[in-house]
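To start, the structure itself, in structure tokens.
The values are calculated or read from the model by the stated rules, or taken from the named source; none is laboratory data. Since we're looking at a predicted model, the values are computed, not measured. Cβ atoms come from the backbone with ideal geometry, glycine included; neighbour counts cover every protein chain shown. Surface areas here come from the heavy atoms of the whole protein model, side chains and all, with no ligands, DNA or RNA. Shrake-Rupley method; radii C 1.70, N 1.55, O 1.52, S 1.80 Å.
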Amino acid sequence: MTPLLQVRGLTKRYGARIGCADVSFDLWPGEVMGIVGESGSGKSTLLNCLAGHLAPDAGRVIFDTRADGSRDTVTMPEPERRMLGRTDWAFVHQNPRDGLRMGVSAGGNVGERLMAVGARNYGGIRATALDWLGRVEIAADRVDDRPSSFSGGMQQRLQIARNLVTGPRLVFMDEPTGGLDVSVQARLLDLLRGLVRRMGLSAIIVTHDLAVVRLLADRLMVMKSGLVVESGLTDQVLDDPQHAYTQLLVSSVLQV
Amino acid sequence: MNDYNFAYLDEQTKRMIRRALLKAVAIPGYQVPFASREMPMPYGWGTGGVQVTAACLTPEDVLKVIDQGADDTTNAVSIRKFFQRTAGVATTEHTGEATLIQTRHRIPETTLHEGQILVYQVPIPEPLRFLEPRETETRKMHALEDYGLMHVKLYEDIARHGVIATAYAYPVKVEGRYVMDPSPIPKFDNPKLSDSAALQLFGAGREQRIYALPPYTTVVSLDFEDYPFEPTKADHACALCGSAESYLDEVIMDDAGGRMFVCSDTDYCATRRAEQDKSSAKI
Amino acid sequence: MYVAVKGGERAIENAHAFLAEDRRGDPAVPELSVAQIREQMALAVNRVMAEGSLYDPDLAALAIKQARGDLIEAIFLIRAYRTTLPRFGSSKPLDTGAMACHRRISATFKDAPGGQVLGPTFDYTHRLLDFKLMAEGEAPVAPVAEPRREPTPHITEFLNKDGMIEEEAQSDAMPPDLTREPLELPADRALRLQSITRGDEGFILGMAYSTQRGYARNHAFVAELRIGTCSVEMEIPELGFAVEIGEVTLTECETVNQFKGSKTEPAQFTRGYGLVFGQTERKAIAMALVDRALRWKELGEDNSGAPAQDEEFVLYHADNIQATGFLEHIKLPHYVDFQSELELVRKLRAGVPEALREAAE
Ligand SMILES: Nc1ncnc2c1ncn2[C@@H]1O[C@H](COP(=O)(O)OP(=O)(O)O)[C@@H](O)[C@H]1O
Ligand SMILES: [Mg+2]
């Protein structure tokens, strides 16, 4: 079996400041990788480099494409990368406003990716959209409403439906539960866990909340000042942290 | 106006426009930027079409100018007069006799033949403009064939109104590649865009864009399988010539709101009536 | 029996005749001469030259007369005429440092070589209607000062000497030409300045004003505003040297703006620049502010989302000839597209149950 994603020496600087440096790892099909670290540690920078939203200064991101096998997504032409972005990849933003079209109905939001890859049957698109709204626990009678009339939790669930509708093979999530209050977070996490397990999704989840990775991630990478300081199986890292920074991170969470 | 060059524009400018036209013909449906000149009529009144016409005209051409399908609407009269004065070319109202037809908002009813050029005046060439106002973004969307948003608009129409609620400037896809704005022709005219024997050229002066459909180009109106494109018109026959096939204008007849429907294509209507008079005279 | 409307041609001719008669006004009142407009409506003439992008006071005055004082219409006439002119070449860059100034002020230094010269300004007039002007009379004579012989140095040069202001990048590259190539974005500064200098005075003023009110504030001081004449030189290939081909009056405004800097880079003021044909002071100052706002990217500033920072928004909407044409075209016939929309709305209404339709009305 080949890894779904092979990352080698990925580095991104903002002028003199380091965004992330020399990050390498493999992600296997069906695996969920968590990236944790305090605010400013480089998690979003790394995720955006992986997803093709930011151009890294160095390094390779080899993705096992459906059609042509392993391809470096850093050097592939923009049209191909965008195509991956609408088919094999999905990206869930922390702020649902960044990932939704606020002026388009819930059904249209979910249907967009289907239409972008050639779906041309209105009835079929609508049926799929309704099915997905159900899966993310949004009532069918909201299908023609705009997300601006939804609560924060509903917006985030809609964003997830919009992303998963085309059956992506790799989902990037940046703080998917950030900005939601605690009870809403719990429901969303539950939903995400169900979807990930049922669909056998591979995912990379960035968060500063260790509860999120404990629930969702198979493996963890801990970042500090742009560098990966520790990685391993989630339970191992959380229960027996080796690096002093991880220890601090774990203990500070446990105190909360 | 004898101090001006043939067809008003200087030869340098015409050459620049012809280059843009050649590129446009080579990449059907692609919007070619061109350095639109200031013309002696306002932007939005056909300056793009006028520049394209000026770059294509030869002294042997026979020119027809229509606006809303009619030869005698004021702006059509004004543009025709401009070319009579600056190019001295022959003009006609008969679609079949014209070698070059400049139009605003209509495609003539009479089928065009090989060797004819149809020049459209275009206000907003960008079919994605009202979904995405930024030119820098829409150009990227065309380059990457990123057209999902276009169908989202159609989806939203059906979700809200039960039909695709676009009646004119109905977007089309050209040869399976570029999504194109056919200018504000009623969607009734869209089928005539495809597979036409004539060369179709589109000029947007203010927006500085030229695009083209070479003869026999496949042009498909965007739709859904279960909500197919429908080229609709008023459900009447022309009150003057009786045609049930042509696109109709609605005319208000009296204070009580009485109305009648007549052909928007004045040449088509007049020709039919002349033939009817002839045949009734024979009887 | 209905007869289709005919006679567009005659209607147009009659409209033109009516217009010509109205243009002249009451024949009992003496006709304005082009020279009168050129001499006595000089600021209108200047605006028409600036936004028409053609330096010819006589033609601008003629255009104002023909346009019945509608300056945008006059600018339009000039632009359309300009299109037909052959291009013989381009001048050498103007040296505004050698300008013979008849007005020159600085808001940043109380005094500097060359001094503060108020010149013919409205600035300190009390805006009271002067009823004396209703009567014809002799022109008042203004006192005359000894003209300055040596060139008047730019105020920003003094700041530049100490490195207090960013260095203006020197380039001998041929700037792009807005009137010969389609506007494509991103635009470099030279192209932006071209667009703004011929942009609508009202639009540029509004944009500049918005920066002052906090929409991308750039904190401008007028380092210098100068108005005067500059000679225009052109390289003549046959001669092998440049000759003076004329003189133009220009207004130049240089602003000193919000400084930049960091721990590693010493703080420095930044610049905005305005240069406009004729005595067009309001426009030149506004131009400098808008120029500065549009430079946010190269200066490493944040995009605050303000309209004046949005190059695409400013450049695509500054031209009043484009704007007025498109605005006014909606009065042209739109029978056909309106008809198609009419059919559509009828169809949509037919699909809604009667009861709902009545409720909506
Ligand atoms: N656009 C940017 N320009 C400059 N520095 C940035 C930019 N984005 C992030 N950084 C810096 O890069 C580092 C990593 O940021 P980020 O990836 O956002 O971290 P995290 O997602 O872990 O909070 C931080 O020091 C941050 O200040
Ligand atoms: Mg982050």
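Counting, for every residue in B:176-189, the Cβ atoms of other protein chains within 10 Å of its Cβ and taking the mean gives 2. Each residue, C:T121 and B:E132, gets one label point 7 Å from its Cα in the Cβ direction; the gap between the two is 4.8 nm. Describe numerically, in nm with one decimal, the distance between label points set 7 Å from Cα along Cα→Cβ at C:A267 and at A:A139. Modelled inter-label distance: 5.9 nm. Need one number: buried accessible surface between chains B and C, 1.4 Å probe, both sides summed, DNA, RNA and ligands left out, in Å² to 100. That pair hides around 4600 Å² of surface in total.
For segment C:256-262, putting each phi into the Karplus relation 6.51 cos²θ - 1.76 cosθ + 1.60 with θ = phi - 60° gives couplings of 9, 10, 2, 7, 10, x, 7 Hz, in residue order, rounded to whole numbers and with x for Gly and Pro. Of the three principal axes defined by the Cα atoms of segment C:75-149, the extents in descending order read 44, 41, 25 Å. Counting, for every residue in B:204-210, the Cβ atoms of other protein chains within 10 Å of its Cβ and taking the mean gives 3. Taking amide H atoms as placed 1.01 Å from N in the peptide plane, the amide H of A:V229 lies under 5 Å from those of A:V222, A:M223, A:K224, each 5 or more residues away in sequence or on another chain.
Summarising the strand pairing of segment C:148-279, around 95 percent of its internal DSSP beta bridges are antiparallel. Of all DSSP beta bridges confined to the protein assembly as shown, the antiparallel ones make up roughly 70%. Of the listed pairs B:K153/B:K173; C:K283/C:K331; B:K140/C:K297, which have alpha-carbon separations greater than 24 Å here? Among B:K153/B:K173; C:K283/C:K331; B:K140/C:K297, the Cα-Cα distance tops 24 Å for C:K283/C:K331. Peptide B:152-164 has a mean of 6 when you count, residue by residue, the C-beta atoms of other protein chains within 10 Å of its C-beta. Considering chain C at the alpha-carbon level, its Rg and Dmax are found to be 25.7, 87 Å. Taken as Cα centroids, segment B:42-112 and segment A:151-220 sit 60 Å apart, rounded to the nearest whole angstrom.
Per-residue packing, averaged as other Cβ atoms within 10 Å, sorts the ranges B:259-269, C:317-327 into the order B:259-269, C:317-327, beginning with the highest. Computed from the Cα positions only, the extents of chain B along the three principal axes stand at 63, 57, 38 Å, in decreasing order. The largest-to-smallest principal axis extents of the Cα set in segment A:171-256 are 34, 27, 23 Å. Treat chain A as a sphere of radius equal to its Kirkwood radius over Cα pairs and apply Stokes-Einstein at 37 °C in a medium of 0.692 mPa s; give the translational diffusion coefficient in µm²/s, rounded to a whole number. The calculation lands on 175 µm²/s. Translational diffusion of segment A:20-104, estimated by Stokes-Einstein from the Kirkwood radius over alpha carbon pairs at 4 °C in a medium of 1.567 mPa s, is 89 µm² per second. Each of C:E341 and C:V243 was given a label point 7 Å from its Cα along the Cα-to-Cβ line. The distance between the two points is 5.9 nm.
Per the Debye formula with a single identical scatterer at each Cα and no solvent contribution, what log10 I(q)/I(0) holds for the protein assembly as shown at q = 0.09, 0.10 Å⁻¹? Taken in order of the listed q values, log10 I(q)/I(0) reads -1.14, -1.27. Using a 1.4 Å probe over the heavy atoms of the protein chains, calculate the carbon and sulfur portion of the accessible area of the protein assembly as shown as a whole percent. Summing carbon and sulfur atoms, their accessible area is 55 percent of the total for the protein assembly as shown.
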